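Derivation of every value follows stated rules applied to the coordinates shown; laboratory data play no part. No experiment lies behind these values; they were computed from the predicted model shown. Quick reminder, even Gly has a Cβ in these numbers, built from the backbone with ideal geometry, and neighbours come from all protein chains shown.
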Amino acid sequence: MPTRLDDMYAVMRGADLTPDGAPVSLGDVTLLAPLRPGKLLGVAKNYADHAAEINEGVPAEPSIFTKLVSSVTGPAGPIVRPHYTRQLDYEGELAVVVGRTLRDASPDDALAGIFGYTIINDVSARDLQAAEPQWTRAKGGDTFAPMGPWIVTVDEIPDPQDLAVRTWVNDELRQDGHTSQMITPVADLLSWCSANFRLEVGDVVATGTPAGVGRGFDPPRYLVPGDLVRIEVERIGVIAHEVR
Ligand code: MG
């Protein structure tokens, strides 16, 4: 399997994609994350109802942060709660996989530069996020980015702003959002990023989370070992992982 997206393009352009060998049941394998991003970016407060639930305003410009690439894990996780937090939280999100170098790209060019879409849980340690100005620990812990289950290429998702995003914790629906609610839509988000720094093939941009995170409840409902998080993004699929 090609590990670089441009290799993947080459395969898709030229290769015979006829399946080879005996089919393997999904139930018999453990899927890994569909790629290891070059950069893994996130955007804070990109849904107004989420900003409201955490009692914060909507930023005037996209509030971009980076997650450590080493936080990426497979769609089945697990998420391992580190010893240093007792406020572990979930954020179900649509994630964009960049397919070509974008620098000062217009929104239209940014959209044309997308390879595909996947699902991410932007796991966050809220106590550290509140206490520390840099979110490296709060957002970058090992296993803090379950991703997958695969990349759906752009030809199958003509409009990234027309996708339901839902998160369940232990079968309770917690987030029931829609990408039409994004403050900065995908094309503008990538364009804005590319005006500040280069986006490269294989970079992943998590596009923000709708309302319903654990911190938004009164009292907050943080993840504890044994919890099962399930995130569904329309047209992509489902990722589900346990907290340990
Ligand atoms: Mg997020």
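Of note:
- Inverse mean reciprocal Cα-Cα distance (Kirkwood Rh) of the chain, Å: 18.1 Å
- A P(r) calculated from all alpha carbon pairs of segment 19-127, with 10 Å bins opening at zero, reads 11, 34, 34, 16, 5, 0 percent.
- Restricting the calculation to Cα atoms, every distinct pair contributes to the Kirkwood radius of segment 99-161, found to be 14.1 Å.
- Relative contact order, whole percent, for the chain stands at 30, derived from Cα pairs under 8 Å and 6 or more residues apart.
- Compactness of segment 53-187 as Cα Rg over 2.2 N^0.38 Å, two decimals: 1.10
- Kirkwood Rh (inverse of mean 1/r, distinct Cα pairs), segment 135-244, angstrom: 15.7 Å
- With viscosity 1.002 mPa s and temperature 20 °C, the Kirkwood radius over alpha carbon pairs of segment 15-76 converts through Stokes-Einstein to a diffusion coefficient of 137 µm²/s.
- Under a model in which nothing but the beta-carbon of Lys, Arg (+1) and Asp, Glu (-1) is charged, the chain shows a dipole of about 760 debye around its Cα centre.
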